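Engineer: Dumping the structure here so I can ask a few things about it.
The values are calculated or read from the model by the stated rules, or taken from the named source; none is laboratory data. Everything numeric here is computed off the predicted structure, so don't read it as measured data. Cβ sites come from the backbone with ideal geometry, for glycine too, and all protein chains shown count toward neighbours. Accessible surface is based on the protein model in full, side chains and every heavy atom, while ligands, DNA and RNA are left aside. Shrake-Rupley method; radii C 1.70, N 1.55, O 1.52, S 1.80 Å.
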Amino acid sequence: MAAPKPRVKVPKSAAAGEPFTIKTLINHPMESGQRKDKQGNVIPQKIINRFTCDFNGTNVVDMTLHGAISTNPYIEFDAKIDAAGEFTFNWYDDDGSVYTAKKSIALA
Amino acid sequence: MNFRARTAAGLAVAALLAIAGAARAESNVDPNPGVELVINGDTPITVRAKAPDYLEGHLDNIYSGWLYRIESTRAMEADDFENPAITFVEEGIDAWNTVEGTEGKSCASCHGDISEGMKGVRARMPAVNENGELWSLEDYINNCRVNRMGAEPYKWDKGPMKNMTAAISMQSRGMPMNVAVDGPAAPFWERGRDMYYTRYGLLQLSCASCHEKNNNNYIRGDHLSQGQIVGFPTYRLKKGGLVSIHNRLKGCIRDTRAETFPIGSQELRELELYVASRGNGLSVEGVAVRP
Amino acid sequence: MSRLTQVEERPQMNITRRDALAIGAGGIAALAFAPAAFGATADEAIAAFTGGATPGEGGIDIKAPEIAENGNVVPIEVNAPGAEEILVLAPANPSAEIFSVKFGPAAGAQRFSTRARLAKTQDVTAIARMADGSFVMAKRTVKVTVGGCGG
């Protein structure tokens with residue numbers, strides 16, 4: 001499997017206080033720990049267990065994921081800003097890796 | 001009917017009791033009139049078209065499998081951001097630009113940018129090569145890898161090949177499917193057509209039993225489509241990954257309880273050509289999303 | 001992903017007897033989950049989230065397809081204006097928790113959308129903790145069909 005590559009979609013600008021939608025997608029198997037291989041052995045869990053989005057250090061959402069989230073997790077939510085700045089997105093893997101994406105936005 | 005067939009039929013009767021007497025939908029009518037596919041809001045896709053002449057007496061109109069899917073699945077294909085296949089397309093494009101093999105070349109060294117070099121290629125695949133053989137897109141790719149780059153061939157049904165066919169298919173997105181069925185392609189096409197209408201296996205079903213006579217009906221919860229391949233490779237929700245044309249054809253034959261043909265076999269190339277030709281006039285979808 | 005709900009008319013096959021018999025006996029789809037139960041049950045997860053408080057109704061909404069074409073990828077959207085945290089459960093999955101989400105000060109709405117695996121037909125359940133510490137709950141039935149020619 002290729003290294004997870006996060007993708008995020010954030011508008012280039014937004015008006016102060018006006019909610020807008022953010023979409024994120026990351027390629028990851030989200031192995032639930034509940035499947036068996038051909039020999040009947042349980043395939044160990046390996047999932048993204050947490051996702052966070054912050055804007056200039058202020059939290060937007062903090063999500064806890066379980067094995068029931070689909071392969072290649074898609075996450076969509078709304079944010080609002082009162083200044084230009086940068087969104088930081090973090091995906092936390094069971095194996096300790098953290099995948100990060102950043103996206104800046106202007107005030108309209 | 002032999003003993004095994006009887007057992008299968010017996011099971012089937014039980015399975016079908018629940019739906020006995022239910023209405024049958026009309027086949028070969030538009031399953032979703034008025035619904036249009038425009039990808040990313042700017043790329044219109046032809047999802048319904050007049051059937052090509054050689055389908056006369058079989059189909060009047062052809063419909064993309066997209067039209068048979070529920071709204072949430074259709075929405076995933078309508079926006080590249082929501083389409084999970086796009087990460088694989090990106091990996092394919094990375095591979096396109098990566099030097100490999102003894103000749104020190106990448107695909108881009110000869111073909112240039114993928115958006116120019118591969119424009120329209122998927123729309124005419126599979127196609128007869130200069131030696132008169134019918135080749136799928138996978139064969140053309142491996143021919144370049146082995147004979148022009150000095151690189152290892154990709155395995156037909158593994159990630160790197162599917163990423164590459166996905167990346168190449170994207171460059172024909174929105175263009176009409178247009179495989180050649182005459183000239184040197186004719187004998188292959190005819191064999192593919194014969195396969196399509198042959199009843200196979202324990203269950204004695206042909207492709208046409210399901211995809212021509214019964215599209216628009218439900219089979220164990222699946223809304224049966226015309227079995228078009230204009231959206232391949234497709235992202236299957238069931239698999240969480242890309243599925244190649246031959247993989248799907250192989251699976252569909254296997255489900256009739258027949259001995260199936262191996263991926264990359266001549267039989268599946270010919271069937272692929274015939275099935276592709278049944279979609280001539282629909283748009284290549286790039287990478288579709290299917291259950 | 002705004003309008004996820006959809007009602008489908010479901011005409012059924014009534015084809016030649018031979019085809020009909022044969023089709024019903026088609027391949028068996030692979031099991032997405034091993035049968036044994038893992039993780040928290042829905043009741044345990046709800047109790048842990050609410051601390052035993054009884055959730056009210058209203059003020060929380062779940063959007064999901066009425067019939068999912070494939071249980072592996074079911075779009076689910078929850079919306080609970082004013083919520084601090086939402087917990088979403090699939091009570092009939094081997095492990096009931098799907099996800100939970102906390103909304104921070106920079107959230108533009110208390111709306112959240114993702115895609116989940118549902119092992120079978122069930123009532124997807126969402127519970128929100130509101131700013132005043134009260135809880136509200138909603139359920140939505142999603143039918144999961146087992147299908148997929150070409151495995």
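Engineer: Looking at A:V60, A:V8, which is the one that is in contact (Cβ under 8 Å) with a residue 12 or more places away in the chain, within 7 Å of another protein chain (Cβ to nearest Cβ), of a type in the set (V, I, T) and part of a strand (DSSP E or B)?
Structural biologist: A:V60
Engineer: In addition: Output the qualifying pairs, or none if there are none: Cβ atoms under 7 angstrom, residues six or more apart or on different chains, first residue in region B:160-174 and closer than 12 Å to B:V284 by Cβ, second residue part of a helix (DSSP H, G or I) and of a type in the set (S, T, Y).
Structural biologist: So the pair list comes out as B:Q171/B:S115.
Engineer: Could you tell me which residue of region B:235-250 is nearest to the other protein chains (Cβ to nearest Cβ), considering only residues that are part of a helix (DSSP H, G or I) and aliphatic (A, V, I, L, M)?
Structural biologist: Step by step, filter region B:235-250, then rank; the result is B:L249.
Engineer: Take the residues of region C:91-150 that are among the β-branched types (V, I, T) and within 14 Å of chain B (Cβ to nearest Cβ): which is nearest to A:T58 (Cα to Cα)? Steps first, answer last, please.
Structural biologist: Of the residues in region C:91-150, the ones among the β-branched types (V, I, T) are C:98, C:101, C:114, C:121, C:124-125, C:127, C:136, C:141-142, C:144-146.
Checking which are within 14 Å of chain B (Cβ to nearest Cβ) leaves us with C:114, C:121, C:124, C:142, C:144-146.
Details: C:T114: 22, C:T121: 39, C:V124: 31, C:V142: 35, C:V144: 39, C:T145: 42, C:V146: 43 Å.
The residue in question is C:T114.
Engineer: Restricting to region B:258-291, give me the number of residues that are within 14 Å of chain C (Cβ to nearest Cβ) and open to solvent by less than 20 Å² (accessible area, probe 1.4 Å).
Structural biologist: The total comes to 8.
Engineer: Kindly provide the set of residues from region C:92-110 that are at pLDDT 95 or above and not in a strand (DSSP E or B), ordered by number.
Structural biologist: Residues satisfying the conditions are C:G104, C:P105, C:A106.
Engineer: Among the residues of region C:116-138, count how many are open to solvent by 10 Å² or more (accessible area, probe 1.4 Å) and part of a strand (DSSP E or B).
Structural biologist: Going through region C:116-138 one residue at a time, the tally reaches 8.
Engineer: A follow-up question, please. Identify the single condition in (1) at pLDDT below 95; (2) part of a helix (DSSP H, G or I) that B:D80 does not satisfy, given that it satisfies every other one.
Structural biologist: (2)
Engineer: Do you know which of the residues in region B:153-177 that are among the aliphatic types (A, V, I, L, M) and in a loop (DSSP other than H, G, I, E, B) is least open to solvent (accessible area, probe 1.4 Å)? Full working, then the answer.
Structural biologist: Our first condition is that a residue be among the aliphatic types (A, V, I, L, M); within region B:153-177, this holds for B:161, B:164, B:166-168, B:170, B:175, B:177.
From what's left, in a loop (DSSP other than H, G, I, E, B): B:175, B:177.
On the way: B:M175: 57, B:M177: 9 Å².
Per the stated criteria, the residue is B:M177.
Engineer: Looking at (1) within 28 Å of C:E69 (Cα to Cα); (2) outside any loop (DSSP other than H, G, I, E, B), which is the only condition B:G231 fails?
Structural biologist: Condition (2) is where B:G231 drops out.
Engineer: Return the residues of region B:79-89 that are without any contact (Cβ under 8 Å) to a residue 60 or more places away in the chain and either of a type in the set (S, T, N, Q) or open to solvent by 30 Å² or more (accessible area, probe 1.4 Å) (or both); say none if nothing qualifies.
Structural biologist: Answer for region B:79-89, where residues must be without any contact (Cβ under 8 Å) to a residue 60 or more places away in the chain and either of a type in the set (S, T, N, Q) or open to solvent by 30 Å² or more (accessible area, probe 1.4 Å) (or both): just B:T87.
Engineer: Take C:I86 and decide whether it is closer than 28 Å to A:I26 by Cβ, within 14 Å of chain B (Cβ to nearest Cβ) and open to solvent by less than 10 Å² (accessible area, probe 1.4 Å).
Structural biologist: On the way: closer than 28 Å to A:I26 by Cβ: yes; within 14 Å of chain B (Cβ to nearest Cβ): no; open to solvent by less than 10 Å² (accessible area, probe 1.4 Å): yes.
Judged against the criteria, C:I86 is not a match.
Yes or no, residue by residue, for (1) open to solvent by 60 Å² or more (accessible area, probe 1.4 Å); (2) assigned to a loop (DSSP other than H, G, I, E, B); (3) at pLDDT below 95:
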residue: B:G21; (1), (2), (3): yes, yes, yes
residue: B:V29; (1), (2), (3): no, yes, yes
residue: B:G41; (1), (2), (3): yes, yes, yes
residue: B:W66; (1), (2), (3): no, no, no
residue: B:A95; (1), (2), (3): no, no, no
residue: B:E130; (1), (2), (3): yes, yes, no
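Engineer: For region A:45-66, enumerate the residues that are of a type in the set (K, R) and modelled with pLDDT under 95.
Structural biologist: Residue satisfying the conditions is A:K46 alone.
Engineer: Something else now. Working only within region B:152-185, note down all residues that are within 14 Å of chain A (Cβ to nearest Cβ) and more than 14 Å from B:T234 (Cα to Cα).
Structural biologist: Correct list: B:P160 only.
Engineer: Report whether or not A:F51 is farther than 25 Å from C:T41 by Cβ and either touching a helix residue (DSSP H, G or I) at 6+ places or on another chain (Cβ under 8 Å) or open to solvent by less than 30 Å² (accessible area, probe 1.4 Å) (or both).
Structural biologist: No.
Engineer: Scan region B:184-212 residue by residue and report those that are farther than 15 Å from B:C252 by Cβ and touching a residue at least 12 places away in the same chain (Cβ under 8 Å).
Structural biologist: Result: B:P184, B:A185, B:F188, B:W189, B:R191, B:R193.
Engineer: Across region A:1-45, which residue is farthest from B:P160 (Cα to Cα) among those that are within 17 Å of the chain's Cα centre (by Cα) and open to solvent by 60 Å² or more (accessible area, probe 1.4 Å)?
Structural biologist: By that ranking, first place goes to A:K9.
Engineer: Report the residue count in region A:63-94 for those that are buried (at least 20 other Cβ atoms within 10 Å of the Cβ), of a type in the set (S, T, Y) and not in a loop (DSSP other than H, G, I, E, B).
Structural biologist: 1
Engineer: Tell me which residues, restricted to region C:47-83, are of a type outside the set (A, V, I, L, M, F, W, C), more than 19 Å from A:I22 (Cα to Cα), within 14 Å of chain B (Cβ to nearest Cβ) and surrounded by fewer than 21 Cβ atoms within 10 Å (Cβ to Cβ).
Structural biologist: Within region C:47-83, C:E66 is the sole residue that qualifies.
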